[in-house]
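Here's the structure we're looking at; comments come further down.
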Amino acid sequence: MEKLFMVLVLFVIVRAVENRHHPKFGRSYEEHEVPPLKKVSCSSGSSERSALIEDARCGAPREVFVVLKPKAAHEEIHPGAVWVKRCVGLCDHVGSDSKCVPRETTIRHIPIKISNMKTGKESCSMYELEEHLSCQCCTGSPESCAASGRVFNPRKCACQCPNLEERRNCLAKNPNMRWNRSKCACEERRRMR
């Protein structure tokens, strides 16, 4: 019984130490509590709220901090992270599943030094990282397109039928036929009565 009590006391002490925060480092983002909300009238702060919403919208690419990942666990890369332009922001005006995605991208070559922790040797290389040049709000995604039997076209930011040759043949064959984009199939036109 005495041993069980000691184990329980040690467990409580360890949990208390784990939950303590060093004053120099503070709490992580996830650990912050939601501050109490103070109710105000909707007219107060409306210009500031509008400016915040506008600033958060998907627009020109913004500088974000990207961590560079080594190819192997025993390697260390210097610099370990860089600022890169990426598409971020809200697209709530287009749809709930809409995302801010790149319209145009380029590959940025970043000079890095690789330290092999096993051998102690260092080498230099170029790290290829995608950088965004322009952004757009997009409602489609490769996953949502695949679920409907279509493929995602990132340039058009939409799902499209994979059988483009079949579509061309359908439209060229007979004027009474039409291409159904949702079914990705050729079908007879409905006759007007």
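We did not get these values from a lab; they are worked out from the coordinates using the rules stated. Keep in mind that this is a model prediction, so the values were computed, not measured. Neighbour counts run over all protein chains shown; Cβ positions are idealised from the backbone, glycine included.
For the pair segment 54-133 and segment 167-187, the centres of their Cα atoms are 42 angstrom apart. Rounded to the nearest whole Hz, the Karplus-based 3J(HN,Hα) values (6.51 cos²θ - 1.76 cosθ + 1.60, θ = phi - 60°) of segment 176-183 follow the sequence 7, 9, 9, 9, 8, 5, 6, 9, with x at glycine and proline.
Spacing of the modelled spin labels on residue 47 and residue 108, each 7 Å from Cα toward Cβ, amounts to 3.5 nm.
Pairs from the table (99/121; 85/156; 99/183) lying more than 32 angstrom apart at Cα are 99/121.
Modelled this way, with points 7 Å down the Cα-to-C-beta line, the labels at residue 73 and residue 147 are 3.5 nm from one another.
Nearest 0.05, what FRET efficiency do residue 126 and residue 40 give at R0 = 45 Å with Cβ-Cβ as r? Efficiency for this residue pair is about 0.30.
Pulled fully out, how much extra length does the chain show between residue 54 and residue 182, if you take 0.36 nm times their separation in residues and subtract their Cα-Cα distance? Length gained between residue 54 and residue 182: 42.6 nm. Modelled label positions at residue 118 and residue 64, each set 7 Å beyond Cα in the direction of Cβ, lie 3.3 nm from each other. Above 20 angstrom, tally the Cα pairs of segment 57-141 and express them as a % of all pairs, no decimals. Value for segment 57-141 (Cα pairs over 20 Å): 47 percent.
Karplus-based coupling profile of segment 147-162, in residue order and whole Hz: 5, 9, x, 10, 10, 8, 9, x, 5, 8, 6, 7, 7, 9, 5, x, with θ = phi - 60° in 6.51 cos²θ - 1.76 cosθ + 1.60 and x standing for Gly or Pro.
Computed about the Cα centre, the dipole magnitude for segment 57-141 is approximately 100 debye when only Lys and Arg (+1) and Asp and Glu (-1) carry charge, each at its Cβ. Per-peptide packing, taken as the mean over residues of other Cβ atoms within 10 Å, places 82-89, 69-76, 40-47 in the sequence 82-89, 69-76, 40-47 from highest down.
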